[in-house]
Structure formats: C-alpha cells, structure tokens
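See structure below.
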Amino acid sequence: MIDNAKIALIGLGYVGLPLAVEFGKKYPTVGFDINHQRIQELNSGKDHTLEVEDEELAAAKQLIFSSDVNDLAACNYYIVTVPTPINMHKQPDLTPLKKASETLGKVLSRGDIVIYESTVYPGATEEDCVPILEKVSGLVFNRDFFAGYSPERINPGDKEHRVTTILKVTSGSTEDVADKVDQLYRSVITAGTHKASSIKVAEAAKVIENTQRDVNIALINELALIFDRLDIDTEEVLLAAGTKWNFLPFRPGLVGGHCIGVDPYYLTHKAQAIGYNPEIILSGRRINDGMGEYVVSQLVKMMLTKRIHVQNADVLVMGLTFKENCPDLRNTRVVDIVDELQSYGVNVDVYDPWVKIDEAVEEYGIRPVEQPESGKYDAVILAVAHKQFKNMDISEVKMLTKQDAVIYDLKYIFPANQTDARL
C-alpha cells in the first residue's frame, strides 16, 4: 500500500474499468469518463462490456464514478486509459490522449504523477502528452509533477488472464517516480511487475507485443493463401507442423481489435518519422488487411461454381465482434467482409448474439438481425467463433440455407468435410 494515495482512472472502457475496480478495493479512487451514459450505467452497478461482474463492482468500496472534472482535483495519481485509434489514413490518432492530458492539466498539483497506459509510439508520453500537461497546468515537468507509463495488457473477454494476473510493465520519468509507480501497481497486481529502465522502453515494449503477433498471423495468412492454391488444407498442415515442440500455434484469419490491428501503425509511424521505412511490419499489415477481400473472392467463386447468381444473393455473416465471446466491436475486420459482399450487390444479414444492435448501427451502419431466417441464405460465412456457434451442429447451420448453398468456415468451427471451404 502507498500512504495517502488517491487515484483517478481516466477512461472507463475495457482497460480502465477493471483497473479502477482493483484500485477501488484498496484506495480512494475516482473512475472518470466523459460519457455520461457510461457513468450512469456504472453507478447502477452494471458493466455492458462484461469485463467486470456486478459483484466485483460492488466490492470496490472506495471507488466512485464521475464525469465531473472537479472530482479529480483531490487525486494525486492519475492513470490515463483512453483509446488510441488510427485514422482513415492509418496514422495514429492521439486526439483522445491529448484531450485527456488537457483535462488533467486543469487539476494537476505539485507532486502529482500522471501515468499513461494507452498504446503509443516510443516517445509519445514525453513528447506529446507532457507538453500539454505543462502548458495547461503552468507546472514544470519533473520538478512540479511527474509522469509514468505502464502499458495495458487487457485481453477483452478473457476470464482467465485478468488485470491482476497479468505481469505489469512499469516506468517513471525519474528513478524515484519509477519506484513509486512500480510500488503502486505491485499493491494490486498479484502477478508482479517488471520495472523498465525508461518510459520509452516501456512504450516500445507495448507496441512490439502486438506487432509481433500481427506479423506472425500475417505469415500464417500468407501460407493459407499459398496452400489454397495448392489445394492443401491449411489446418491439417498446421496440425502436422504443430507436433514440433517449438512451432508457434498461430491460425489464419481476420486481424482486428483495438491492439493487433492498430498498434503496428503506431510503430511504423514513428519509424518513418525518423527516416526508416519498415518493410516486414507493413507487409504483414497489408496481408492481414486484405484477408476480408480474399475471403469474399473465394466465396463468390464457390457460389458461381454452384451456379448461384451472386447479385442479389442472400448471404449470412455469423459474428461481427473482433473476437469470440466478447461484445467488443472496435476495429472488427468482419466489416471488410460485409463491405466487400455489398460491392458485389449481395444482400447481407449479420447475426451476432453478443452485439448490441444500436451500437453496431452507430459504429458501422450495420443493423444485425435478431435471428436469421430458416431456408433464406445462398451462403453462410462463419466469421467469429462464439460459443453459441461452436455449440451448433452443422445441420442447424444448413437449416438456415437454401439447397446447395455455400458454407465458408473462417474459424474451423466444423470439420473440413462438413463445410465447403475454410481459410
């Protein structure tokens, strides 16, 4: 425990809320979000992201939720967990981070520590955020206030790897502050901490964690494209290769979400800013970003082979979230499939029991069906491996289709001999 610590969490999404709850069990904590509806929801004891159970919310006795900036003024540790997306040009969008920094600049006092958890490129904390804090607050960095960086490692929907059971990387703008930041997190993270030598090292560690996964998945996706042309089942190849002790168990598929499909662009942006053009990382991004288009092209070929008229065909896409058993729609690449199908003049129904219909409409202009119609569809794409879909029998899927329809299984939910194709 740190004496007299009063903590504020800025941003109460998938990252901020679980952390706020843990700190709220031990310290006076303010969970702050500019979304008034989100604050009302949390004050009612509910979390629509399903990251925190009702009982966990109730257990955080020292946690309050607020959208009033004045409620932050009494705090001395500020932890920023706002999103860091990319824009339409695939460049980092630091707008939420900068606005959060402006807000904190209004309440900063001498001795306060601001800790960033949002994914950024190396140097962003001290080069982009700190100057805003200084300008708004009128205080001097590393004299009047200090900074830290501790990258988030939340895995939405994962009930095994929770915020307290994932080892935490920490860092601070001075040696003393680094120790304080590390001590703060160690007081709630049972898995322990790793204190990085600098904020830049911690920032770089975060951004390469998901870049590494992205590149590995890109390799497997490229292999899937090759094996398809060789008429070899990719899953059978991967199972055979996986018998070797050090073969990594990656699988082909769509790469979306708020981390893997986004973080590499933060690193490549910084690399290009210093005059280096990253080849492997961007090549992997191109492969992964093109998988939706590839899936649809393969589906259309199979439909034509079965003499199914593509224009005005009815296709069901099962799953919209970026991963299974989770309501998170951020940067889902299933929308690439939907957009590409619509470019062929296809009528697309999307079904996802995890998604709030209004949220899908607001985010992507897609209105999921509440229940797919029996016997309606010329093709079905199994895009997300939700447990509801994995518990289905193939006969239940075929009940939704017309005779001789195409079933494309992206997630290996069914054996290869029960579907027409899989990635």
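The values are calculated or read from the model by the stated rules, or taken from the named source; none is laboratory data. What you see is a predicted model, and the numbers here were worked out from it, not measured in a lab. Ideal geometry is used to build each Cβ from the backbone, glycine not excepted, and the neighbour counts take in all protein chains shown. For accessibility, only protein heavy atoms count, side chains too; no ligands or nucleic acids. Shrake-Rupley method; radii C 1.70, N 1.55, O 1.52, S 1.80 Å.
Tabulated values for the structure
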read-out: Pairwise FRET efficiency - Arg110 versus Ile166, Cβ, R0 = 30 Å, nearest 0.05; value: 0.35
read-out: Distance between modelled label sites at Thr190 and Lys25, nm, 7 Å Cα→Cβ extension; value: 0.7
read-out: Viscosity 1.002 mPa s, temperature 20 °C, Stokes-Einstein D of the range 16-81 from Kirkwood C-alpha radius, µm²/s; value: 180
read-out: Cβ-based charge dipole, the range 270-376, positive-most Cα from Val346, Pro278, Asn312; value: Pro278
read-out: Estimated distance in nm for a label pair at Asp144 and Tyr276, the labels positioned 7 Å out from Cα along Cα-to-Cβ; value: 3.6
read-out: Environment charge at Glu362 (Cβ cut-off 13 Å; Lys +1, Arg +1, Asp -1, Glu -1); value: 0
read-out: Top of Ile113, Ile217, Ile357 by mean-square fluctuation, Gaussian network on the chain, Cα under 10 Å; value: Ile357
read-out: Of the trypsin sites (Lys or Arg not before Pro) in the range 288-323, those whose Cβ has at most 14 other Cβ within 10 Å and which sit in DSSP loop; value: Lys306, Arg307
read-out: Cβ-defined net charge surrounding Lys390, 12 Å radius [Lys, Arg +1; Asp, Glu -1]; value: -2
read-out: Ellipticity estimate at 222 nm from DSSP helix runs (n ≥ 4, -39,500 (n - 2.57)) divided over the chain, nearest 500; value: -11000 deg cm²/dmol
read-out: GNM result for the chain, Cα springs below 10 Å: residue of Glu51, Glu160, Glu293 fluctuating most strongly; value: Glu160
read-out: Per-pair calculated FRET efficiency, R0 = 35 Å: Thr305 and Ala241 via Cβ, rounded to 0.05; value: 0.75
read-out: Over the range 149-197, equivalent-ellipsoid semi-axes from the Cα gyration tensor in Å; value: 22, 10, 7
read-out: Protein-only accessible surface order, largest first, of Arg286, Arg186 at 1.4 Å; value: Arg286, Arg186
read-out: Lys, Arg +1 and Asp, Glu -1 on Cβ, resulting dipole of the chain about Cα centre, debye, nearest 20; value: 560
read-out: Longest to shortest principal axis, alpha-carbon extents of the range 242-340, angstrom; value: 52, 38, 29
read-out: Point-charge dipole on Cβ atoms (K/R +1, D/E -1) for the range 64-169, about Cα centre, debye to 20; value: 80
read-out: Extension gain (nm, one decimal) between Ser198 and Val136, 0.36 nm per residue minus Cα-Cα; value: 19.9 nm
read-out: Nearest-10 value in Å² for the accessible area of Phe141, using the 1.4 Å probe; value: 40
read-out: Three-way shape label, the range 39-138, alpha-carbon gyration tensor, a/c 1.5; value: oblate
read-out: Nearest-0.05 FRET efficiency for Ser44 and Gln388, computed from C-beta distance (R0 30 Å); value: 0.65
read-out: Distance (nanometres) between label positions extended 7 Å along Cα→Cβ at Gln37 and Glu222; value: 4.2
read-out: Modelled label reach - Asp176, point 7 Å along Cα→Cβ, the range 77-121 residues with backbone N closer than 12 Å; value: 111-112
read-out: Within-10-Å neighbourhood charge of Glu293 [Cβ basis; K, R +1; D, E -1]; value: -4
read-out: Charge-dipole axis of the range 93-152 as Lys and Arg at +1 and Asp and Glu at -1 on Cβ define it, positive-most pick from Gly148, Ser109, Cys129; value: Ser109
read-out: Within the range 194-323: Cβ-based charge dipole about Cα centre, in debye rounded to nearest 20 (Lys, Arg +1; Asp, Glu -1); value: 280
read-out: Share, in percent, of DSSP beta bridges within the chain that are antiparallel, nearest 5; value: 5
read-out: Area of Glu222 that stays accessible when all protein chains are in place (1.4 Å probe, Å², to 10); value: 90
read-out: The chain: most fluctuating residue of Ala58, Ala383, Ala100 per GNM, C-alpha cutoff 10 Å; value: Ala58
read-out: Kyte-Doolittle at least -1.0, axis length at least 30 Å by Cα - qualifying DSSP helices, the chain; value: 199-229
read-out: Qualifying lysines (Cα of each under 28 Å from Cα of Lys46; at least 8 residues distant if same chain); value: Lys6, Lys25, Lys26, Lys61, Lys99, Lys159, Lys168, Lys323, Lys356, Lys387, Lys390
